[in-house]
Amino acid sequence: MPELPEKGMVHRTSPYCVDETVERLEAALKSLGIPVLAKIDHSGGAAAMGMEMKPTKLLIFGNAKAGTPLMQAAPTTALDLPLKALVWEDGLGVAWVSYNTPQYLQERHGFPERLMANIAGIRVIVEEAVKA
C-alpha cells in the first residue's frame with residue numbers, strides 16, 4: 001500500500017478496476033438521486049497529449065439543496081463544492097477512491113458544524129461503491 005497523505009482526505013481501496021469503480025460510484029449516486037455533474041478523465045487527457053498516466057478519473061457530484069446552505073454560510077465553500085471523488089490506480093494496479101472529509105471542509109471554510117450532515121453521505125456512497 002502506498003503512503004498516502006491524510007490532510008483531510010480519505011483513501012479507500014477498491015476491489016474493482018478504475019472504470020468499474022467509477023460505474024459503481026455513479027450507480028450509488030443515481031440510486032440516491034444525486035446527479036453526476038461532471039466526469040473528468042485525467043488519464044485520457046494525458047493520453048491525448050502523448051503522455052502516460054495511470055487510470056485517473058474525477059467524479060463531481062451533488063445537488064443545490066444540500067450544497068447551497070453551506071455556501072450561504074461560508075461562500076468559500078464553493079471552491080470545494082460540488083463534492084468530488086477521485087478514482088485512481090496506484091503503481092501496483094490497485095484502484096483507490098479518495099475524497100475530502102466533511103470535517104476538513106468544515107475546518108477549511110468555517111461553515112457551522114450542523115451543516116456537515118449535508119455532505120456526510122459521501123462516506124456511505126464511497127463505501128457502497130468499493131464493497132466486494
Report task. Kindly provide the set of residues from the range 34-46 that are open to solvent by less than 60 Å² (accessible area, probe 1.4 Å) and within 27 Å of Gln106 (Cβ to Cβ), ordered by number. Result -> Ile34, Pro35, Val36, Ala38
Report task. Please indicate, with yes or no, whether at least one residue in the range 64-82 is within 24 Å of Glu3 (Cβ to Cβ), among the polar types (S, T, N, Q), within 16 Å of the chain's Cα centre (by Cα) and crowded, with 17+ Cβ neighbours inside 10 Å. Result -> no
Query - Flag if Pro15 is open to solvent by 50 Å² or more (accessible area, probe 1.4 Å) and within 18 Å of Glu127 (Cα to Cα) - result: yes
**Report entry** Cβ-Cβ under 8 Å pairs, at least 6 apart or on other chains, the range 71-99 side in a helix (DSSP H, G or I), far side among the small types (Gly, Ala, Ser)
**Finding:** Met71/Ala78; Thr77/Gly67
Query - Which numbered condition Pro5 fails, given (1) under 19 Å from Ile125 (Cα atoms); (2) loosely packed, with under 13 Cβ neighbours inside 10 Å; (3) at pLDDT below 95 - result: (1)
Query raised in the report: What residue, of Glu89, Glu113, is open to solvent by 70 Å² or more (accessible area, probe 1.4 Å) and either over 22 Å from Asp19 (Cα atoms) or not basic (Lys, Arg) (or both)?
Result: Glu113
Query raised in the report: Of all residues in the range 116-132, which are outside any helix (DSSP H, G or I) and either open to solvent by less than 40 Å² (accessible area, probe 1.4 Å) or under 15 Å from Tyr16 (Cα atoms) (or both)?
Result: Ile119, Gly121, Lys131, Ala132
**Report entry** The lone exception for Met116 - which of (1) touching a residue at least 60 places away in the same chain (Cβ under 8 Å); (2) of a type in the set (A, V, I, L, M, F, W, C); (3) in contact with a Pro (Cβ under 8 Å, 6 or more places away or on another chain) it fails
**Finding:** (1)
Report summary line: Reported set for the range 21-54 where residues are over 15 Å from the mean Cα position of the chain (by Cα) and either in a loop (DSSP other than H, G, I, E, B) or in contact (Cβ under 8 Å) with a residue 60 or more places away in the chain (or both) is Leu32, Gly33, Met49, Gly50, Met51, Glu52, Met53, Lys54
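The values are calculated or read from the model by the stated rules, or taken from the named source; none is laboratory data. Quantities reported herein were computed from a predicted structural model and do not represent experimental measurements. Here the Cβ is made from the backbone with ideal geometry for all residues, glycine too, and neighbour counts use every protein chain on show. Side chains are part of the model used for accessible areas, which takes the heavy atoms of the whole protein and leaves out ligands, DNA and RNA. Shrake-Rupley method; radii C 1.70, N 1.55, O 1.52, S 1.80 Å.
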